[in-house]
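Engineer: Dropping the structure in here first, questions after.
The values are calculated or read from the model by the stated rules, or taken from the named source; none is laboratory data. Because the structure is predicted, anything quoted here is derived from the model rather than measured. Cβ placement follows ideal geometry from the backbone for every residue including glycine, while neighbour counts extend to all protein chains displayed. All accessible areas refer to the heavy atoms of the entire protein, side chains included, with ligands and DNA or RNA removed. Shrake-Rupley method; radii C 1.70, N 1.55, O 1.52, S 1.80 Å.
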Amino acid sequence: MERRQFIKILGMSSLFLHGWLRNLFAAQGPVVAVGQGTDHAGITRKTLAALGGMQRFVKPGQTVVVKPNIGWDRTPEYAATTNPLVVKAVVEECLKAGAKRVKVFDRTCNDPRRCYASSGIESALKGMKNVEVKHLEEERFQKVALNGKVLKEWELYGEALSADVYINLPVAKHHGLSRLTLGMKNVMGIMGGNRGSIHKNIDQALADINASFRPHLTLIDATRILTAHGPQGGNLADVKVLNQVIASTDIVAADAYATTLFGLKPADIAVTRTAYQRGLGEMNLDKMRIVRV
């Protein structure tokens, strides 16, 4: 066999193998990376690396929104808000990937100034170049056509809509109505108007919004989880330290895995079950590729 012919065959074989591997991974379903360890910033970075690193999601010159849960006037140990060490690690990785600007915000339930201060997120990001920890401004909400099953339209925050990359960064916790609040429910932090009105059909309403507005990446903070009296909490006896961070491009898969940390099955959570039924992601754990780091 001539050298040129051999190289040609070798090249075709490489292309075939690359395509076969890509199809194999696709057939295995979404990747869910799970980081474990007491160095919360470190496991966040390792979890991101398992998905290909932040450079997979953020390109030089882009504007990124990182949306943690800052909704309550609680300090980090109560697990009602996202761990500031996890938030800072994600923001730093965005900047390393070349983000022009990173914006961090949430529509809080308690007084926003107290929430931002108590959460530790504001102080963790203070002084970082090209990072804005923002309070939401009413005039920046924009009406978005959803054409959903229960929500035909809703006001969503303009800076979330216009971002080049949107990273969903909730904390895993109990919720008195929906049983758990995870990635899907974290979208309520960019909703305007009377958010409480969606609670009567919360599973379908959240599916309506998440079908229209999808994060590029979901990381769930399970370094501490709130096991009861959520979403606000306030009793350390309800907090369980797990030292985990979960990440996936599939928000339903991320939520489904996080559900197991509470001793529940994904199908036990109506928000997750409805999202799966409507084709927003994978709920079945045996159809995911779970990578532990």
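Engineer: Would you confirm whether any residue within segment 209-217 is farther than 28 Å from E92 by Cα and not in a helix (DSSP H, G or I)?
Structural biologist: No, segment 209-217 has no match at all.
Each row is one residue, and each column tells you yes or no for (1) open to solvent by 50 Å² or more (accessible area, probe 1.4 Å); (2) assigned to a strand (DSSP E or B); (3) within 22 Å of S197 (Cβ to Cβ).
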site: G98; (1), (2), (3): no, no, no
site: R113; (1), (2), (3): yes, no, no
site: S118; (1), (2), (3): no, no, no
site: K143; (1), (2), (3): yes, yes, yes
site: L151; (1), (2), (3): no, no, yes
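Engineer: Any residue in segment 123-132 that is β-branched (V, I, T) and outside any helix (DSSP H, G or I)?
Structural biologist: Yes, there is a match, as at least one residue in segment 123-132 is β-branched (V, I, T) and outside any helix (DSSP H, G or I).
Engineer: Please give the number of the condition T108 fails out of (1) outside any loop (DSSP other than H, G, I, E, B); (2) of a type in the set (S, T, Y); (3) open to solvent by 10 Å² or more (accessible area, probe 1.4 Å); (4) within 19 Å of G192 (Cα to Cα).
Structural biologist: (1)
Engineer: When you look at R214, is it farther than 18 Å from L51 by Cα, open to solvent by 40 Å² or more (accessible area, probe 1.4 Å) and of a type in the set (D, E, K, R), yes or no?
Structural biologist: Numbers: farther than 18 Å from L51 by Cα: no; open to solvent by 40 Å² or more (accessible area, probe 1.4 Å): yes; of a type in the set (D, E, K, R): yes.
So R214 fails the test.
Engineer: In addition: Could you tell me whether any residue of segment 52-70 is touching a helix residue (DSSP H, G or I) at 6+ places or on another chain (Cβ under 6 Å) and either modelled with pLDDT under 95 or farther than 17 Å from I190 by Cα (or both)?
Structural biologist: Within segment 52-70 (the criterion being touching a helix residue (DSSP H, G or I) at 6+ places or on another chain (Cβ under 6 Å) and either modelled with pLDDT under 95 or farther than 17 Å from I190 by Cα (or both)), the answer is yes, since at least one residue qualifies.
Engineer: Here's something else I'd like to know. Taking K103 as the residue in question, decide whether it is under 18 Å from the mean Cα position of the chain (by Cα), more than 21 Å from V271 (Cα to Cα), in contact (Cβ under 8 Å) with a residue 40 or more places away in the chain and not in a helix (DSSP H, G or I). Quick ask: steps written out before the conclusion?
Structural biologist: On the way: under 18 Å from the mean Cα position of the chain (by Cα): yes; more than 21 Å from V271 (Cα to Cα): yes; in contact (Cβ under 8 Å) with a residue 40 or more places away in the chain: yes; not in a helix (DSSP H, G or I): yes.
Here the answer is yes, as K103 does meet what is asked.
Residue by residue, here is whether (1) within 13 Å of the chain's Cα centre (by Cα); (2) surrounded by 18 or more Cβ atoms within 10 Å (Cβ to Cβ); (3) part of a strand (DSSP E or B) holds:
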| position | (1), (2), (3) |
| --- | --- |
| T44 | yes, yes, no |
| A49 | no, no, no |
| G52 | no, no, no |
| K59 | no, no, no |
| K67 | yes, yes, yes |
| E77 | no, no, no |
| T82 | yes, yes, no |
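Engineer: Something else: Filter segment 245-293 down to the residues that are polar (S, T, N, Q) and part of a helix (DSSP H, G or I) and list them by number.
Structural biologist: Scanning segment 245-293 gives T259, T260, T272, T274, Q277.
Engineer: Count, please, the residues in segment 31-65 that happen to be within 13 Å of A247 (Cβ to Cβ) and touching a residue at least 60 places away in the same chain (Cβ under 8 Å).
Structural biologist: Keep residues of segment 31-65 that are within 13 Å of A247 (Cβ to Cβ), which gives 31-36, 43-54, 56-57.
From what's left, touching a residue at least 60 places away in the same chain (Cβ under 8 Å): 31-36, 43-44, 46-51, 57.
Here the count works out to 15.
Engineer: Let me ask you something else. Specify the residue that is farthest from G29 (Cα to Cα); the eligible residues are those in segment 267-280 that are open to solvent by 20 Å² or more (accessible area, probe 1.4 Å) and touching a Pro at 6+ places or on another chain (Cβ under 9 Å).
Structural biologist: Filtering segment 267-280 for residues that are open to solvent by 20 Å² or more (accessible area, probe 1.4 Å) and touching a Pro at 6+ places or on another chain (Cβ under 9 Å), the one farthest from G29 (Cα to Cα) comes out as R273.
Engineer: While we're looking at this one, here's another question. Any residue at all in segment 167-183 that's assigned to a helix (DSSP H, G or I), closer than 30 Å to L85 by Cβ and not acidic (D, E)?
Structural biologist: No, there is no match, as no residue in segment 167-183 is assigned to a helix (DSSP H, G or I), closer than 30 Å to L85 by Cβ and not acidic (D, E).
Rundown of residues vs (1) out of contact with any Asp or Glu (no Cβ under 6 Å at 6 or more places or on another chain); (2) open to solvent by less than 20 Å² (accessible area, probe 1.4 Å), yes/no style:
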position	(1), (2)
Y157	yes, yes
L177	yes, no
L180	yes, yes
G183	no, yes
I190	yes, yes
N194	yes, no
I198	yes, yes
D203	yes, no
D208	yes, yes
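Engineer: Just checking, which of G158, G148 is at pLDDT 95 or above and within 21 Å of R101 (Cα to Cα)? Steps first, please.
Structural biologist: Values: G148 fails: within 21 Å of R101 (Cα to Cα).
Going through G158, G148 in turn, just one is at pLDDT 95 or above and within 21 Å of R101 (Cα to Cα): G158.
Engineer: Condition first: at pLDDT 95 or above, over 17 Å from V64 (Cβ atoms), open to solvent by less than 70 Å² (accessible area, probe 1.4 Å) and more than 20 Å from the chain's Cα centre (by Cα). Can you find one or more residues in segment 126-141 that meet it?
Structural biologist: Looking through segment 126-141, at least one residue is at pLDDT 95 or above, over 17 Å from V64 (Cβ atoms), open to solvent by less than 70 Å² (accessible area, probe 1.4 Å) and more than 20 Å from the chain's Cα centre (by Cα).
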